[in-house]
Each structure stands twice: as structure tokens, then as C-alpha cells.
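Written below as C-alpha cells is the structure these notes are about.
The values are calculated or read from the model by the stated rules, or taken from the named source; none is laboratory data. Since this is a predicted model, take the numbers as computed values, not measurements. Reconstructed Cβ throughout: ideal geometry from the backbone, glycine too, with neighbour counts over all protein chains shown. Areas reflect the complete protein model, heavy atoms only, side chains present, ligands, DNA and RNA absent. Shrake-Rupley method; radii C 1.70, N 1.55, O 1.52, S 1.80 Å.
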Amino acid sequence: MNQYDFDQLLKKYLAGQCSPEEEEQVLKWSAHVLNDEREPLNTVEQKETRKRLWKQLNASALAKKYRIGWRQLALAAVVVLVSGLGYFFYRSATIPSSTPTVVRSSSEPATKPFEPSGYVVTKNTSSSPLDVTLEDGTVISLKRNSILSYPRHFDAKTRKVMLEGGAFFSVKRDATRPFLVYTGELVTQVLGTSFTIESYRNAKTIEVQVVSGRVSVYENQRQSHQNRNGMILNPNQKITFDKTAKKLVAGLVAAPLIIEQPREKSELVFEEMPLPRVLEALQKAYQIEIIVETPALETCVFTGNLNDLPLHTQLLFICKSVNASYELRGTTFFVRGDGCLTN
């Protein structure tokens, strides 16, 4: 549908001449545009669109000499408030549905909190991740249906971006300029590291998972002048923020990865090795904490090859061999049991 067709349909709707199917189409369009993240019109386009729409409304009311119904009036208000509903659909008709991204540079004052002045906005509408490289060398893999806002040029003190949805960040280290990711109610701050953020609009939580380096995650709003709700995350750790309860909960990622690779595979092969030494090797490799709660287990020994096994499988293997069990509490594993098996 082009601009002229939409103008005619809108005129029919305001005059009460639309068929039920046409009326439903206009109402669906008006509801859709309020939720769409596409670019706003610039100042000139807004003025021209307002002028044209008000002219249509006045002409329609005078010609028909009837009182506009509440539904027609409501739609008219929506059209004017969004500054160019008709022009939006004209633009939409020219964008192929297979286009993977929508990228723009906004030089006009922001109309939404997510779209600050001077920022580039990238939306991934494809079915696969979209890599975005920033001017500092940072690479962001934007997940499907996610939106990233970032400046073409970072300032001298900080590097700020905004995310709605999910993305993997590989941040270029710069000790003089921290990298800040704003995701609604949370801020993630790093110098140089890799991590994943999941922050979808309709989700009840925001999640940050660290792959390497350290990440500071804190609430965007201070609880008091000196205090802010937040914590530091290390590799293989994650934070979940409950939007309703305003609560941060730390934990480990579902499948921790080895952070410090052993120089030789033999480092994870053990022969009659005391249990504390075995667990120390895992702590070093995954950069996690493992605590033995039962003193009797400290004299147990373990024999086995832990190479190429997931962390949870490694721990299960170890615990079965020494008559113990393990439990994850927050970001720490606790091992307990009755003592070593005897022949």
C-alpha cells in the first residue's frame, strides 16, 4: 500500500465509510505502529504529516457535517501523536520482509528512551545472529529480534551502548574507558571481556553471563545516594535480575567452560591423588570455588581421567568414587559425604 492508498483508506475510515474488513485493517495498523521500533520522522516530515492529517480531519468533518464517533476520534489522535502513521506505512511497504536489519542514524531529538540523539540503532530481524563491530574494535553478536543502540563515536571517558533483547559481547579492552551496556533496569560495566546479556522487553528477568574477565552488574537506579544494588561477576558466573522484586541472584552458568586451559592433558589425569588436590585443579581450570564440608573426605584419594568431560560430570565422577555428593549454592560447589569407600 502506498501513501495515496493509505490516505484514501484513512479518509474513508474517518467518514464512516469503511467496510468491516477495512476498519479492522486500520485498527490493526494503528495498534501495530505504537509498538513498532522503526525510526521516527524528522522535524520537517513531522510538520508536513501533521498539517496533512489535520487538513484531512477538518475537511472530512465539514463535508459530512456529522459528529465523529469515539473510535474515529481515538484513531485520529493516535495518528497525529505518532507524527506520521500514513508515512510510516508508506515506508514499511518499501522495506522487504526478508531484510535482516534496520539501521539508522538519528540526528533529531530522541522520541523514545531507547533512541538517544546521535545514536545508530540496529535491529536484527533475521533468524541468525548479526555481528556488529564498533569503532573501538568491540564485536557484538546480536540475537534475533534484538535491538542495539550505539554512538558512531565514543566519547573520551566511557563507551556506552543500549541493548533490548539478547547479545554476546566481545569487548575490546580499554583501561581508560569502561564499556557500559544499559539494559533497562540494569547496567553492565567492563573494561575488556566477553559476556552474554538476555534482556527482552516482555521477560520477567534480565540475565548476564560472563565468559571471560570480570563484569560489574548493578541496578540503573540508586537505592540511596551512596548505595546501589549490584555485584561483581567472574568467569562462568551469571546474574539474574527479577524486574518485579528488584532482586539480583548470582549463580553459575548451566555449562561452565574451562577458563585456564591445562598446559598438558595429564594435568586432569589423576592416580591416587588426594581429593583436595583434585578439586584444586578443577577450581583453577574453571575459576570457581569448591568447598569440602566433610573433613573425613580430605584423606580420600581419586584415580581417573577428567579430560573432555563437562564440569558437572567431572564432579559426579569424583564424588561417586569417594562416597560423596555435591551441591551448588549460588556460585560455589559444596562437597560432603560419609567418608571414603573401603574394601
Exactly one of N236, N229, N220 is farther than 20 Å from D131 by Cβ, in contact (Cβ under 8 Å) with a residue 12 or more places away in the chain and touching a helix residue (DSSP H, G or I) at 6+ places or on another chain (Cβ under 7 Å), and that one is N236
With (1) open to solvent by 80 Å² or more (accessible area, probe 1.4 Å); (2) at pLDDT below 95 as the list, and A245 as the residue in question, which single condition is left unmet? (1)
Name the residues in segment 231-242 that are touching a Leu at 6+ places or on another chain (Cβ under 9 Å) and buried (at least 19 other Cβ atoms within 10 Å of the Cβ), would you? P235, N236, Q237, K238, I239, F241
Inside segment 120-136, the number of residues satisfying the requirement of being more than 14 Å from the chain's Cα centre (by Cα), open to solvent by 40 Å² or more (accessible area, probe 1.4 Å) and not polar (S, T, N, Q) is 2
Going by the structure shown, is L180 part of a strand (DSSP E or B), aliphatic (A, V, I, L, M) and surrounded by fewer than 18 Cβ atoms within 10 Å (Cβ to Cβ)? yes
Per the list (1) without any contact (Cβ under 8 Å) to a residue 24 or more places away in the chain; (2) polar (S, T, N, Q); (3) within 30 Å of V187 (Cα to Cα), residue check on T313 breaks on (3)
Given the structure, is Q261 at pLDDT below 95, within 35 Å of the chain's Cα centre (by Cα), open to solvent by 40 Å² or more (accessible area, probe 1.4 Å) and not charged (D, E, K, R)? yes
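Got at least one residue in segment 194-204 being outside any loop (DSSP other than H, G, I, E, B), without any contact (Cβ under 8 Å) to a residue 40 or more places away in the chain and farther than 24 Å from P256 by Cβ?
The answer is no; no qualifying residue exists.
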Given the conditions (1) open to solvent by less than 60 Å² (accessible area, probe 1.4 Å); (2) under 22 Å from I259 (Cβ atoms); (3) assigned to a strand (DSSP E or B), report the number of the one that F168 does not fulfil. (1)
Are any residues in segment 271-319 of a type in the set (A, V, I, L, M, F, W, C), open to solvent by 30 Å² or more (accessible area, probe 1.4 Å) and in contact with a Cys (Cβ under 9 Å, 6 or more places away or on another chain), and if so, which ones? A296, V301
In segment 320-343, residues that are open to solvent by 60 Å² or more (accessible area, probe 1.4 Å) and of a type outside the set (F, W, Y) total 10
Output the number of the condition that L279 fails; it satisfies all remaining conditions of (1) at pLDDT 95 or above; (2) touching a helix residue (DSSP H, G or I) at 6+ places or on another chain (Cβ under 7 Å). (2)
Residues located in segment 137-151, provided they are among the polar types (S, T, N, Q) and either touching an Asp or Glu at 6+ places or on another chain (Cβ under 6 Å) or open to solvent by 50 Å² or more (accessible area, probe 1.4 Å) (or both): S141, N145
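State all residues of segment 183-214 that are out of contact with any Asp or Glu (no Cβ under 9 Å at 6 or more places or on another chain) and open to solvent by less than 60 Å² (accessible area, probe 1.4 Å); if no residue qualifies, say none. If you could, list the steps in order and put the result at the bottom.
Of all residues in segment 183-214, those out of contact with any Asp or Glu (no Cβ under 9 Å at 6 or more places or on another chain) come to 188-190, 193-195, 202-203, 210-214.
The answer is T188, V190, T193, S194, F195, A203, V210, V211, S212, G213.
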Restricting attention to segment 97-115, and to residues there that are open to solvent by less than 30 Å² (accessible area, probe 1.4 Å) and in a loop (DSSP other than H, G, I, E, B), which single residue is modelled with the highest pLDDT? E115
